[in-house]
1. For helix 400-411, what angle does its Cα long axis make with the longest principal axis of the chain, in degrees from 0 to 90 and rounded to 10?
2. Suppose each label sits 7 Å from its Cα in the direction of the beta carbon; what would the residue 86-residue 564 distance come out to in nanometres?
3. Mind jotting down the distance between the C-alpha centroids of the stretch 59-79 and the stretch 349-401, whole Å?
4. Just to verify a number: FRET efficiency for residue 55 and residue 140, C-beta to C-beta distance, R0 = 25 Å, to 0.05?
5. Could the peptides 128-135, 412-419, 230-237 be put in order, highest first, of the mean number of other beta-carbon atoms found within 10 Å of their residues?
6. For the stretch 85-112 and the stretch 136-189, what is the centre-to-centre distance using only Cα atoms, to the nearest Å?
7. Calculated from DSSP H runs of 4 or more alone, at -39500 (n - 2.57) each and per residue, what is the 222 nm mean residue ellipticity of the chain, nearest 500?
8. Within 10 Å, count the other beta carbons around each residue, average over each peptide in 664-670, 632-638, and list them highest first.
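A short reminder: the numbers here are calculations on the coordinates, not readings from a lab. Predicted, not measured: the structure shown is a model, and the values here were computed from it. No Cβ is skipped: glycine too gets one built from the backbone with ideal geometry, and neighbour counts run over all protein chains shown.
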């Protein structure tokens, strides 16, 4: 038990900070009458070992409560109780029986018998509550590591779940390391071999795993309880501070492999839910400050679909968000962030969208975050859709229009050809007015939220019964096509068509100008059995099944070669070398149909061809997309390269592996003046590009 001497302490910095001889604690609470600091010996202790009352006359400066306690060290478990009025109609929800996490806590200790429900019911929840842990963020040897700063033109993003990446027995990771930061490190060579340059991690902030339907677990992690602490369960060790070092070990190892680390961050809501939700931290300290409330302040504004909405443009909350981002960049060395439901950050304290949201400009203009990748999911759950109009100059955006238009095209929808031409060129119809680089568009066909790529070509309808919500959850509009049979099939014709469609989606995504993002396991046809909302499935439905790499080796090889094709550096103009992304952005494009120079932009058209010329007029690339249900004969540009070479067939998704994709040096010559493109297939021809 701590017997340290008590001092007045300081209001800054917020959180628990090591200083000479002990620890300074500071927490914000505008309307509290009294704050107690609770010190615990163990996470599951039924009562704190020491309770220290903060005297408002000595330990309060403005709205900040602070105290210094000597002789405390890293690893000390602590929490708060806040006393005040319970007047929901005024936005006040103080409950002195509830143990509260520090909003600035750098680590979280979770008792084995943690109980979310106890924080929503009357009574003391000390034994079953999460607690904060004093940490020493500076005590780590980074060995010279820094964020990588890779150009967006070279970026290939792989969206994954830290736990689900190695949980499956087929991962080959030792049982005690599966699903952890440490286990993840063992699979980094796989990502490097695939050609991945950045991983986008589903939420790793400490979240509430019990915020899920009864009998289920919150797997995705979109229910944060702390914006500074790495998720405790992803540590392979039980001591609370282990998660910090293991997370940093993972980041350092990824950087050594040349792979950036992006975090999917949730600053739009918390796990405290609505009026009937638990009191875990923010609700018990300053409910009226942290959340957007309705006119009747007993009700929470819910623009997130999760019961509450963080008051992101309130100064205290703005500072919290900015401090969190700075911490993850400076102390944890992450390279970027993807902001979940980012459009919510564009709402003011009443919930109305505003033209220049302070929090977004704070983030963009912060010199500490300069050079950090910022990616917006530019919509929210209440209809605010800002793809192409998200505020600021530094933000990239998840391009939901790309996803939908590519799905429509390969499904064979009418009126989709013109949109595909735009998506291929970086969506100038969406972003052209901003005069930004083409990489502003994050191009994706699938992500964690929705069907996997295999399921996109295997199911016409969602099958979410396993979630326990009678299949009501998840989107009903998936723009999918099952290729003739719902679900798994032993029909060879169906399987061949699905393989072809998977390759088509991947090819168009990887060929398009912008920044491509691949979903974990799509390169091996991972299936969720038609579940398009597997947020509560911490099992083989969601995990990466490493055995699929053998059974679908053709798709894995296709993705690896496709990424290599995109990343090639053999387009030489003057002294500069260009990748495919830069080439398509800067080169001259000619559009065709089955006849050269005669593209069919009609509503009934389902095919498109294009030729890429260099700035000096040389042919470099010819592509054909055929989404018809029959084969078509396409005319080819008939000019030989200056060195006497012909077109080389680098890709034909109708062919079996390894002929479906070949490096240029091994690609067979195409000497005829036409090419028969099979139904539902992509063909890419290229010239020898160096000169």
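1. Orientation of helix 400-411: about 40 degrees from the principal axis.
2. 6.5
3. Cα centroid of the stretch 349-401 versus Cα centroid of the stretch 59-79: 35 Å apart.
4. For residue 55 and residue 140, the calculated efficiency is 0.10.
5. 128-135, 230-237, 412-419
6. The stretch 85-112 and the stretch 136-189 have Cα centres spaced 32 Å from each other.
7. Details: 15 runs with 139 residues, N = 691.
Taken over the chain, the calculation gives -5500 deg cm²/dmol.
8. Going from most to least packed, we get 632-638, 664-670.
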